[in-house]
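Structure record follows, encoded as structure tokens.
Values quoted throughout were computed directly from the atomic coordinates according to the rules given, and no laboratory measurement underlies them. Since the model is a prediction, treat every value here as computed from it, not as a measurement. Reconstructed Cβ throughout: ideal geometry from the backbone, glycine too, with neighbour counts over all protein chains shown.
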Amino acid sequence: MKRLTALALLLSLSGCGLHPLYESGSHGPVATLLGQVEVGPIAGQSGWLMRNALTDRLANGKTQARYRLDVEIDDQILGFGLRSDNSVSRERRTLRARYKLVDASNNQVVLDATAGSDAGIDVVTSEYAVIAAEQSALERLSGEVADQIVARLALYAERTRKP
């Protein structure tokens with residue numbers, strides 16, 4: 001009975017227009033567009049981490065760049081949570097990125113959006129441990145925000161593809 005229900009559900013999904021985003025693998029429209037994106041320089045350590053994460057995910061360099069991805073980073077650490085001696089007990093690191101996908105042939109912005117994420121950090125007595133936790137949080141956040149950007153670029157590629 002469960003197999004019959006699952007089969008009926010799968011058959012009903014085929015009529016709704018759902019299809020894989022990365023259909024046709026590396027030759028599909030989404031993978032093709034992602035391979036044609038060059039990531040511009042991004043300032044600062046957080047920018048360096050973000051650029052590396054984006055370049056890793058975009059398979060950059062395989063073809064001629066048709067698009068340029070311009071990214072501006074806002075990286076903040078905010079202390080909150082106070083101990084009885086008024087010292088901070090917790091921090092929140094927030095990484096936000098405003099990005100623009102620019103058509104390199106005419107410098108027209110075809111996509112302008114934002115992505116972001118945050119992480120909580122416990123402030124302990126060891127200054128080294130706090131700095132290490134802040135750095136680790138920045139590395140994780142760079143990957144998370146890069147994933148959001150690439151997912152949005154993939155949706156753009158899917159929505160603008162020519163049938």
Under a point spin-label approximation (7 Å from Cα along Cα-to-Cβ), what is the Asp147-Asn107 distance to one decimal in nm? 3.6
Calculated FRET value between Asp74 and Arg161, using beta carbons and R₀ = 30 Å, to 0.05: 0.40
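Evaluate E = 1/(1 + (r/R0)^6) for Gln135 and Ser87, where r is the Cβ-Cβ distance and R0 equals 22 Å; express this FRET efficiency to the nearest 0.05.
Here the calculated transfer efficiency is 0.60.
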Return the distance in nm (one decimal) between the two label points of a simple spin-label model at Trp48 and Gln64, each offset 7 Å from Cα along Cα→Cβ. 3.3
